[in-house]
1. Residue pairs, Cβ under 7 Å, 6 or more apart or interchain, first in the range 95-112 and closer than 18 Å to Phe145 by Cα, second crowded, with 21+ Cβ neighbours inside 10 Å and among the polar types (S, T, N, Q). List them.
2. Within the range 30-83, restricting attention to residues that are open to solvent by less than 40 Å² (accessible area, probe 1.4 Å), β-branched (Val, Ile, Thr) and under 19 Å from Tyr108 (Cα atoms), which residue is modelled with the highest pLDDT?
3. Enumerate the pairs (first residue in the range 51-80 and closer than 14 Å to Asn38 by Cβ; second residue anywhere and open to solvent by 50 Å² or more (accessible area, probe 1.4 Å) and part of a loop (DSSP other than H, G, I, E, B)) with beta-carbon separation below 7 Å, excluding pairs fewer than 6 apart on the same chain, so at least 6 apart or on different chains.
4. For Val93, are the conditions met, namely being of a type outside the set (S, T, N, Q), at pLDDT 95 or above and in contact with a Ser or Thr (Cβ under 9 Å, 6 or more places away or on another chain)?
5. With the condition kept exactly as written, say whether any residue in the range 93-107 is assigned to a strand (DSSP E or B) and touching a strand residue (DSSP E or B) at 6+ places or on another chain (Cβ under 9 Å).
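The values are calculated or read from the model by the stated rules, or taken from the named source; none is laboratory data. Everything quoted here is computed from the prediction, not taken from an experiment. In this analysis, Cβ positions are derived from the backbone assuming ideal geometry, glycine residues included, and neighbour counts consider all displayed protein chains. Side chains are part of the model used for accessible areas, which takes the heavy atoms of the whole protein and leaves out ligands, DNA and RNA. Shrake-Rupley method; radii C 1.70, N 1.55, O 1.52, S 1.80 Å.
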Amino acid sequence: MRILNTIRRTIKRLFGVNIRHSGKSPHQRRDVHVNSINRLMLGMVNNERRKRHLPPVVFDQVLYQHSVRWSKIMAGAGTIYHSNTILENCCMVPSNGSPTTITRRMFYTWKKSRPHWAWMMDPSVNKAAFAYTSRGKYSYGAYSFKQRYIKQEW
């Protein structure tokens, strides 16, 4: 029993999931890695921003919900495209590998794309969130972000 309690505490600490009383359906439990991949993606973005003396981006729950929803829509359609409702980068990479591997692939794919990377390094962007959904051979990711309001003097 002590071993099980230790395992439960470790899982809760690492993933924020209470195994005994999760209250989630099996379909939702599949997204356990969302918090850790979000931390990974925002950490990589902020490391690059720090090198350029840019302010860090912070996690935003509303953007996260949009990223989850949009990655599922793209996975259902089997293609990538923008929602045109919010600023986002979209990506499709092979789904083989761990969640960390898939997240890193998406980050480096965006880093190689000049327009996507420009948005990720834009100093006016202050909030962001990331999610992906795997379907078949591919994973579909959405990195949603928001610019802070900049008052322009005329």
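1. That search, which allows pairs on different chains as well, returns Trp110/Asn89.
2. In this case the residue turns out to be Val45.
3. Here the result reads His66/Ile86, each pair linking the range 51-80 to a residue that is open to solvent by 50 Å² or more (accessible area, probe 1.4 Å) and part of a loop (DSSP other than H, G, I, E, B).
4. Numbers: of a type outside the set (S, T, N, Q): yes; at pLDDT 95 or above: yes; in contact with a Ser or Thr (Cβ under 9 Å, 6 or more places away or on another chain): yes.
Here the answer is yes, as Val93 does meet what is asked.
5. Going through the range 93-107, the residues assigned to a strand (DSSP E or B) turn out to be 93-94.
Of the ones still in play, those that are also touching a strand residue (DSSP E or B) at 6+ places or on another chain (Cβ under 9 Å) are 93-94.
Among the residues of the range 93-107, at least one is assigned to a strand (DSSP E or B) and touching a strand residue (DSSP E or B) at 6+ places or on another chain (Cβ under 9 Å), which makes the answer yes.
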